Amino acid sequence: MHTLWKDDEAAASRDELELRVYTSRLLGRDKSLVLHGGGNTSVKLTEKNVFGEDEQVIYVKGSGWDLGTIEAAGFAPVQLNHLQKLAGLPALSDPEMVNQLVTHQTCASVPIPSVEAILHAILPNKYVDHTHADAIISITNTADGEARIREIYGDTVVVVPYVMPGFDLAKLCAECLATMAGANVIGMVLLNHGIFSFGQSAKESYERMIALVGRAEAYLKRHNAWEFPQAVENAPKGAEVMRSLAKLRFEVSKAAGFPVIVARHADAKSLSFARRSDVEVIAQHGPATPDHVIRTKRLPMLGRDVAAYVEAYRKYFSTHEPQAKERKTMLDPAPRIVLDPELGLCAIGKNPQEANIVADIYDHTIDIILRATALGGYQALSARNLFDVEYWDLEQAKLRKGGKPAQFSGEVALITGAASGIGKACVESLLARGAAVVALDLDSSVTRMKNGASFLGLQCDLTSAAQFKQSLEQAVEQFGGLDMLVLNAGIFPGGCRIDALETEDWLKVMRINLDANLMLMRECHPFLKLAPCGGRVVVIGSKNVHAPGPGAAAYSASKAALNQLARVAALEWGTDNIRINSLHPNAVFDTGLWTEEVLMARARHYGMSVDEYKKNNVLKTEVTSRDVAELAAELCGSLFAKTTGAQIPVDGGNDRVI
Ligand code: ZN
């Protein structure tokens, strides 16, 4: 642990709030200090109010902001004196606490202050930093954690026993500070929770955090509880393993009541942890710090018995719910972490971002568990305490912030020919509807097309079954399965009449437009069958299926054969709850194929302007890639839930087709 403070970077801050932003981000940069929205910081400032009077205001991190990316707008200014007065009340309900925080902000359009705002307010120093540092909770989450903390820090920190975060914690901290704080105190360790540091400047408070956590790290190193040799593990691979993964995803989704992303992590660390002989003991205590419970649930699932996990979760709920202050509704009982000796660690979320957060948290949890185990045994909070945080309305509000899930949230779509034209537009349409998208293309630019957790771009030659199988396995490993398949890739060779058509040219078109799609459908079928909401296939056909043109024998025949293949698939796969429908676009000119010159040449050939040529259909409208892609996406949605084997033109109306 070393300071990331740089004088020249800090000098760019124009005021104390900007310095607060700067050191908050320094904390957020180190995942061993805070993870995904964890931790909070504050600064106390004097500002002029509307009457021109000096007023003490505390800027405290807004709920929902991440320290790593926080901005000045992520801090909520609240009247300091009011918060300090609140701490003197004997009790304060959660809704009233939130009401008091929100009604005593000095600015209306700011986020809701952190639930720890009152605690920040009672600490006397100007700057306050709070993290859930791995090293600290590795030590506090042991049987003799408190004694170890006292041994490490002596009189430099105040030690606070665990209580639920919020008003009760603020009150307890105030009491502990009043009775225990001496001149040497620079921080506060909250057992089973985390650590606070404070100081008169941003640098002092931040560097005290680094120094305090550094001492905990040094203690762990001295006790051989820091790093552990990693056994080299061979992760099982191949189609069979991926099918097991997809089956697990199917069952977890059924238990959750919505489709989930299941991201497999079979690196040496995850796999060796999942395979430990004592995993049933060390991984069944609970999370490292209480606010992880809303992401990971209290316990990981060991192995693949989803029904048993659900049963145990129901029991946990029915045991602890009667003791809650108000009645609670059970959350979905599906696991968020699975530890399995063959699969390794599976992280589960409503979307890939959530699954990444879960994986990150558990990656740190593994370190913490191993370190605490080396100190004599990992001990988490009681199930009762964790239940209270998991079902705390103020924690659940964090998850609700995401709003209503997108149409294809938790689902996975694979698109071929995705680097350009209709395929590229399909990537956009499906991402916009919340799907995780696997984009395949021969063109390597597909790998760089998009950023973000929901996108996986892979270069792939679809005429190679081996290459495709590898891509499919990679996709399933990353997202857990496959729900939607968009068969878009195809070639349109230059015009050639039958009397001059070489067999090799004919076969080439067939290989790409037809044979490759048969292989794709066959290989994807076992996964589509395990799609929690049913599998969906969209075939991008062509007007030529119904209205072929001279000079396009191979293209028209390949698309017609593909069309027939799709119809047979609709018949064969109905009982597997897989729908397959075809779109027949025509004259889509906003693709790489159609340059301005080509368009002008074709238009001239027919004696039309480019605009007339583009709109040469019954509706006199231009058909774009986006039009086709939007319809392809909707075909996968609930509007078409009862439609299979359909063929839909998207061509502005073609008199030969109608
Ligand atoms: Zn905390």
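Anything in region 12-37 that is small (Gly, Ala, Ser) and either more than 12 Å from the ligand (Cβ to nearest atom) or in contact with a helix residue (DSSP H, G or I) (Cβ under 6 Å, 6 or more places away or on another chain) (or both)? List them, or say none.
Selection gives 12, 13, 24, 28, 32.
Can you pull out every residue in region 550-565 that is in contact with a helix residue (DSSP H, G or I) (Cβ under 7 Å, 6 or more places away or on another chain) and either open to solvent by 30 Å² or more (accessible area, probe 1.4 Å) or under 22 Å from residue 423 (Cβ atoms) (or both)?
552, 554, 555, 556, 558, 559, 560, 561, 562, 563, 565
Please identify the pairs in which a residue from region 181-206 that is basic (Lys, Arg) has its Cβ atom under 6 Å from the Cβ atom of a residue that is more than 16 Å from the ligand (Cβ to nearest atom), counting only partners at least 6 apart or on another chain.
Hits for this filter: 203/5.
Only residues that are open to solvent by 20 Å² or more (accessible area, probe 1.4 Å) and closer than 20 Å to residue 235 by Cα: list them for region 340-355, please.
341, 342
Run down 87, 76, 108, 91 and say which single residue is buried (at least 23 other Cβ atoms within 10 Å of the Cβ) and either under 27 Å from residue 290 (Cβ atoms) or modelled with pLDDT under 95 (or both).
On inspection, the qualifying residue turns out to be 76.
Out of 170, 143, 183, 178, I need the residue that is open to solvent by 60 Å² or more (accessible area, probe 1.4 Å) and either within 16 Å of the ligand (Cβ to nearest atom) or closer than 21 Å to residue 285 by Cα (or both). Which one?
The conditions single out 143.
Suppose the filter is within 16 Å of the ligand (Cβ to nearest atom), in a strand (DSSP E or B) and of a type in the set (S, T, N, Q); does residue 42 pass it?
yes
How many of the residues making up region 566-597 are part of a helix (DSSP H, G or I) and either in contact with a strand residue (DSSP E or B) (Cβ under 8 Å, 6 or more places away or on another chain) or open to solvent by 60 Å² or more (accessible area, probe 1.4 Å) (or both)?
Summing the residues that are part of a helix (DSSP H, G or I) and either in contact with a strand residue (DSSP E or B) (Cβ under 8 Å, 6 or more places away or on another chain) or open to solvent by 60 Å² or more (accessible area, probe 1.4 Å) (or both) in region 566-597 gives 12.
For region 207-243, how many residues meet the condition of being in contact (Cβ under 8 Å) with a residue 40 or more places away in the chain, polar (S, T, N, Q) and over 22 Å from residue 141 (Cα atoms)?
Here the count works out to 1.
Just to check your reading of the model, which residue among 453, 439, 475 is within 29 Å of the chain's Cα centre (by Cα), surrounded by fewer than 21 Cβ atoms within 10 Å (Cβ to Cβ) and either part of a loop (DSSP other than H, G, I, E, B) or among the small types (Gly, Ala, Ser) (or both)?
After ruling out the rest, the residue left standing is 453.
The values are calculated or read from the model by the stated rules, or taken from the named source; none is laboratory data. Here the structure is a predicted model, which means the values were calculated and not measured. All Cβ positions, glycine included, derive from the backbone under ideal geometry; neighbour counts span all protein chains shown. Quick note on the areas: whole protein, heavy atoms, side chains included, nothing else; ligands and nucleic acids left out. Shrake-Rupley method; radii C 1.70, N 1.55, O 1.52, S 1.80 Å.
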